[in-house]
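Right, one structure below, let's go through it.
The values are calculated or read from the model by the stated rules, or taken from the named source; none is laboratory data. Remember, it's a predicted structure, so these values are computed and weren't measured experimentally. Methodologically, a virtual Cβ is constructed for each residue, glycine included, from the backbone with ideal geometry; neighbour enumeration extends over all protein chains shown.
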Amino acid sequence: MAVAIRPVGPADAAECGLIIHDAFAAIADQHNFPRDFPSVEVATGVASMLIAAPGFYGVVAEEDGHILGSNFLDERSPIAGVGPITVDPAVQSRGTGRRLMEAVIDRARARKLAGIRLVQDGYHNRSLSLYTKLGFATREPLSLMQGPPLDASLSGYAVRPATTEDAGWCNALCRRVHGFERSSEVTEAIAGNTAMVIEHLGRITGYTTQIAFFGHTVGETNDDLKALIGAAPAFGGPGFLLPTRNHDVFRWCLERGLRLVKQTTLMSIGLYNEPAGAWLPSVLY
């Protein structure tokens, strides 16, 4: 039977989770890198979360009643984030990944979103080539960082939990740095008690939804990033992403014992403004 692309549903979570785990494990093992998803249970939990989340759209590729792969699109902001995209290792190199990517690109364009972004593993040459052929431009090398909490502070920079009253300040800061806001993510992080803000000289100069794989951070300066990283109780998931070109913060992290896990690549279609400040992306962008 021909491969069909259809919307993902709750009943697909277990099958998608298994493929997400196996696909990421296969490419990571091939290149001797740590796996992003340490177990099928963790991958299935992520799949279930994305399927249930109202701000996400997902698709699966199906043949003869069997799921071959899946892809997801974060639609919570004017810029859409892609991933994770995975194809069962047993049926790769048949064009399934291309069709899954085309499905979410078409979805973003139909919704007239300003742009689309993704983060791909730097060692995965096939995905870099595919995404480039589909129109994604390489924008930024990113370093995945991990290690024990730093318990470090900067004089004059006070880190505290974000409140609902801070959301407007956070969104305004994101607009100044990136040209758009990520208000839904900020609101969800505040409600989930993971968001933190920096107060410096009597005003908010930085925020994070979480220093973690699925969190993003925005600041006016590198000192804002350092204070937020230094105050993080842990670095959730495989770690947090740091623009490698930010030599100051990259070196600061290494000098304090954090380790580089791997290099990744930020890619985009559509609107992209060179950030006018300090920032950490999520794995979605």
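Points worth noting:
- Number of positions in the stretch 133-149 that are among the small types (G, A, S) and either crowded, with 18+ Cβ neighbours inside 10 Å or out of contact with any strand residue (DSSP E or B) (no Cβ under 8 Å at 6 or more places or on another chain) (or both): 1
- Any hit, the stretch 86-106, residues being out of contact with any Leu (no Cβ under 7 Å at 6 or more places or on another chain), within 24 Å of W279 (Cβ to Cβ) and either assigned by TED's automatic domain parsing to the domain that holds R175 or not in a strand (DSSP E or B) (or both): no
- Flag for T205 being within 30 Å of T164 (Cβ to Cβ) and in contact with a helix residue (DSSP H, G or I) (Cβ under 8 Å, 6 or more places away or on another chain): yes
- Within the set G202, G206, G230, the sole residue that is within 20 Å of Y157 (Cβ to Cβ) and either basic (K, R) or surrounded by 24 or more Cβ atoms within 10 Å (Cβ to Cβ) (or both) turns out to be G206.
- Annotation note: of A152, A167, the sole residue that is of a type outside the set (S, T, N, Q) and surrounded by fewer than 18 Cβ atoms within 10 Å (Cβ to Cβ) is A152.
- Listing of strands (runs of 3 or more DSSP E) fully contained in the stretch 198-276 that carry 2 or more residues being closer than 18 Å to V82 by Cα: 240-243, 259-270
- Test: F56 is under 18 Å from R6 (Cβ atoms), among the aromatic types (F, W, Y) and either in the same structural domain as A23 (by TED's automatic domain parsing) or crowded, with 17+ Cβ neighbours inside 10 Å (or both): yes
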